[in-house]
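The values are calculated or read from the model by the stated rules, or taken from the named source; none is laboratory data. Quantities reported herein were computed from a predicted structural model and do not represent experimental measurements. Reconstructed Cβ throughout: ideal geometry from the backbone, glycine too, with neighbour counts over all protein chains shown.
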Amino acid sequence: MTHRDARRRFLTASGGLATLALAGCLGDGGTGDQGGMDDGSGMDGDGAMNGDGGADDDEGMDGDGGTDDDETGDDGMAESATVRVRIENVASPDFYPAETPTDGAVWITPGAYAVHEGENPVYELGESASIGLEALAEAGPPTGFEGADGLVDELEASSVVAHSGVYAPADTVADPNDPTGEVPGAPPIAPGGAFEFEVDVSPGHRLSFASMFVPSNDVFVSTEEAGIVLWPEDGDPVDGDVTDAAALFDAGTEPNAEPPGKGPDQAPAQEAPDQGADEGGVVRRLREVDDGHEYPAVGDVVQVTVTPT
């Protein structure tokens, strides 16, 4: 199977994700939360005009009669801001043997993100993974197994999450190995590829995200328990490299029976998203899992940067 065929096969195995992106259900990509869809008409999901078509009912006018994009406090300081998040695949193109389905490369799938307070809502160390996280870690789609809630649905329902969404093929800004040419980057991204999306933040907000590490049985990249501090309570919005806040994790949902790229139950070789034995384990940091296999350090897989817009 060629590298191109393997990525096409991954598109088929993660059909829900590909359909979601190609149908435009994410509006301008993964930059919006789950409250509504932009159909290109300028109307958002609740019937109000969005930023492309006019003023939203929630949008206020400043003292000069113009629109003020940022909310302000009593002291006149901005209380909200927009930041751009970039998740780039910086892995070696030949970390694994060339005969693996990824031609030796590490791929990163589209994923789910949450702007939140408190700890990372994606997982809880030492506890079983949710069904949405299981789907992402084993097969890639943040939209979940067919007929079940995905990770993005679970994050939307969390009481600590201010807003959430997905970064999808439409959010790909670089992908040197796009096999289809139909969208700006097809899932997943190969080394050199990157996702970018924007989120609105306020003081105290943190960011967490999750994507599948391919090839593997159930490994995913996410933020550590504290998440990424986007705006310290006593400072300004973060600007720079925040990769130190990320780590690789094992979901504990499927045994790592064979090395990455060697197993028939691993994406992209598996025939079905939920293929493979149930491990019945718990979420752990990958460095604490003694499976005898080789994995790169997280800083050799992704680079995560945050930039105020």
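Quick one: in the stretch 86-95, of everything that is hydrophobic (A, V, I, L, M, F, W, C) and assigned to a loop (DSSP other than H, G, I, E, B), which residue is nearest to residue 304 (Cα to Cα)? It comes out as 90.
Every condition in (1) within 21 Å of residue 270 (Cβ to Cβ); (2) over 13 Å from the mean Cα position of the chain (by Cα); (3) at pLDDT 90 or above is met by residue 146 except one, and the failing one is (3).
Annotation note: Cβ proximity below 7 Å between a residue of the stretch 76-102 that is closer than 21 Å to residue 187 by Cβ and basic (Lys, Arg) and a residue that is part of a loop (DSSP other than H, G, I, E, B) and at pLDDT 90 or above (sequence gap 6+ or interchain) occurs for 84/309. Set side by side, the residues 98, 105 differ, and just one is assigned to a loop (DSSP other than H, G, I, E, B), surrounded by fewer than 21 Cβ atoms within 10 Å (Cβ to Cβ) and not β-branched (Val, Ile, Thr), which is 98. A search for C-beta distances below 6 Å between a residue of the stretch 273-284 that is under 19 Å from residue 148 (Cα atoms) and any residue that is among the small types (Gly, Ala, Ser) and not in a loop (DSSP other than H, G, I, E, B), counting only pairs 6+ apart in sequence or on different chains, returns 273/13; 273/139. Is it the case that residue 134 is touching an Asp or Glu at 6+ places or on another chain (Cβ under 9 Å), in a loop (DSSP other than H, G, I, E, B), at pLDDT 95 or above and not hydrophobic (A, V, I, L, M, F, W, C)? Criteria not met by residue 134. If the condition is being buried (at least 17 other Cβ atoms within 10 Å of the Cβ) and not β-branched (Val, Ile, Thr), then the stretch 136-148 contributes 136, 137, 138, 139, 140, 141, 142, 144, 145.
Residues in the stretch 82-105 that are modelled with pLDDT of 95 or more, farther than 16 Å from residue 241 by Cβ and of a type in the set (A, V, I, L, M, F, W, C): 91, 95. Summed over the stretch 108-129, the residues that are surrounded by 24 or more Cβ atoms within 10 Å (Cβ to Cβ) and part of a loop (DSSP other than H, G, I, E, B) give a count of 5.
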